[in-house]
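A.B. asks: Quick one: structure below, then a few questions.
What follows draws every value from the coordinates through simple rules; no lab data is involved. Remember, predicted model here, so these are calculated numbers, not experimental data. FYI the Cβ positions are ideal-geometry reconstructions off the backbone, even for glycines, and counts take in every protein chain you see.
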Amino acid sequence: MQFLRKLLAVALCAAPMVAASAATTWTMASGYPESSFLTQNIRQFIKEVETESQGQLKIDLRSNDTLIKHDAIKRAVQAGQIQAGEVRLGVYGNENPMYALDGLPNIAANYEEAALLTEAQKPYFDKLLKKNGLRAITYVAWPGQGFYTKTPISGPEDFKGKKLRIYSPPTQKMGEMLGFQATILPFAEISQAFATGLIDSLFTSAQTGIDTQVWDNCKYFMYTGTLHNKNVILVNERAFRALDPELRKIVLAAGERATKRGFEMSEKAGKETVETLSKNGMTVTEAGPEVQKVLADVGKTMMDDWRKNASPEEQEVLDNYLAAKAKAAK
């Protein structure tokens, strides 16, 4: 009996060591700084996963392009170089038309419409990403967008010739149709591009303006709304399947909460960040009717062009969204 008691005591002492050694650590990459609401949302997601899993799944987040450049994160997750990453869907518009859909001007002009579009796209994204060994667990819409310029914009004619930084093929096309010289650049290169004269204006959210301290290079921000592009948290499907079933449930549930919270944080950040631009000396205005009409016309043309390149299944996603949008407007 004494021997058995000693053996049991040894087993009990060894148990925590076995549990600790069974813990899994994922590496995750993001292109945005810690000050961004996107990164703050991810931090909360990680905290929930680690707490609810009792440390059995830990996630090491490397933010602000410190591990992998933003545009290369999707490929790194797909290849298994890292287990998770946050990406902006519109960056991959050349791979599939669906990635670019939320980048069409005015297709989702507010958060309610952005949520409806997300729901319409999810089943398609599930299948598309699965083919590439990926899984989306969180979707977050960006705040509405606008133009940052060195000189004031009084009408569409003032766009012509300005060197505009944008972030995706759809926004590049939009910029060119508006008369800009539009260049796609990753977030981390914005400050250097201003310094070298490669760009003299931006089309992006107020959040990105703050993250890059845009007031050092521009004095005017004209809010248009226009777009609510989505970021997603992607995980490597093989790494996800390697988790115990209970851990998978924890990750998915935390991801769903991060989507809901992310939309709320985005809307709040949209309001607060515009105020921050004003506090840092920028002149903030709302786009006038002429600018909004031009943007609407561009959006209609781009939607028609999108349909030409989309498969019947992809067009059905758009039709379902437009039907849901019309129903919600009644």
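A.B. asks: Any lysines with Cα under 27 Å of the LYS74 Cα? List them, leaving off those in the same chain fewer than 8 positions away.
C.D. replies: LYS47, LYS58, LYS122, LYS127, LYS130, LYS131, LYS173, LYS230, LYS249, LYS260, LYS308
A.B. asks: Also, quick follow-up: Where the only charges are on Cβ atoms (+1 Lys, Arg; -1 Asp, Glu), what is the dipole of the chain about its Cα centre, to the nearest 20 debye?
C.D. replies: Values: 40 positive and 38 negative charges, 176 e Å.
The dipole magnitude comes to about 840 debye.
A.B. asks: Under 1.5 on a/c is rounded, so check that first for segment 175-330, then, if it is not, pick prolate when a/b is larger than b/c and oblate when it is not; a ≥ b ≥ c are the square roots of the alpha carbon gyration tensor eigenvalues. It would help to have the intermediate numbers written out before the result.
C.D. replies: On the way: a/c = 1.77, a/b = 1.28, b/c = 1.38.
Since a/c reaches 1.5 but b/c is at least a/b, the shape of segment 175-330 is classed as oblate.
A.B. asks: How long, wide and thick is segment 254-323, going by the Cα atoms along their three principal axes, in whole angstroms, largest first?
C.D. replies: 48, 43, 19
A.B. asks: Would you list, by chain and number, the lysines whose Cα falls below 18 Å from the Cα of LYS150, excluding same-chain residues fewer than 8 positions away?
C.D. replies: Of all the lysines, those that pass the test against LYS150 - Cα under 18 Å, at least 8 places apart if same chain - are LYS160, LYS162, LYS163, LYS219, LYS279.
A.B. asks: Extending each Cα 7 Å along its Cβ direction at LYS122 and SER278, get the distance between those two points in nm, one decimal.
C.D. replies: 3.6
A.B. asks: Would you work out which of THR51, PHE180, THR212 lies farthest towards the positive end of the dipole of the chain, given +1 charges on the beta-carbon of Lys and Arg and -1 on that of Asp and Glu, about the Cα centre?
C.D. replies: Of the options given, the answer is THR51.
A.B. asks: Label 7 Å along Cα→Cβ of LYS300; segment 103-134 residues with amide nitrogen under 20 Å?
C.D. replies: Within reach of a label on LYS300: 103-110.
A.B. asks: Cα extents of segment 18-329 along the three principal axes, largest first, in whole Å?
C.D. replies: Extents along the principal axes, in whole Å: 67, 44, 32.
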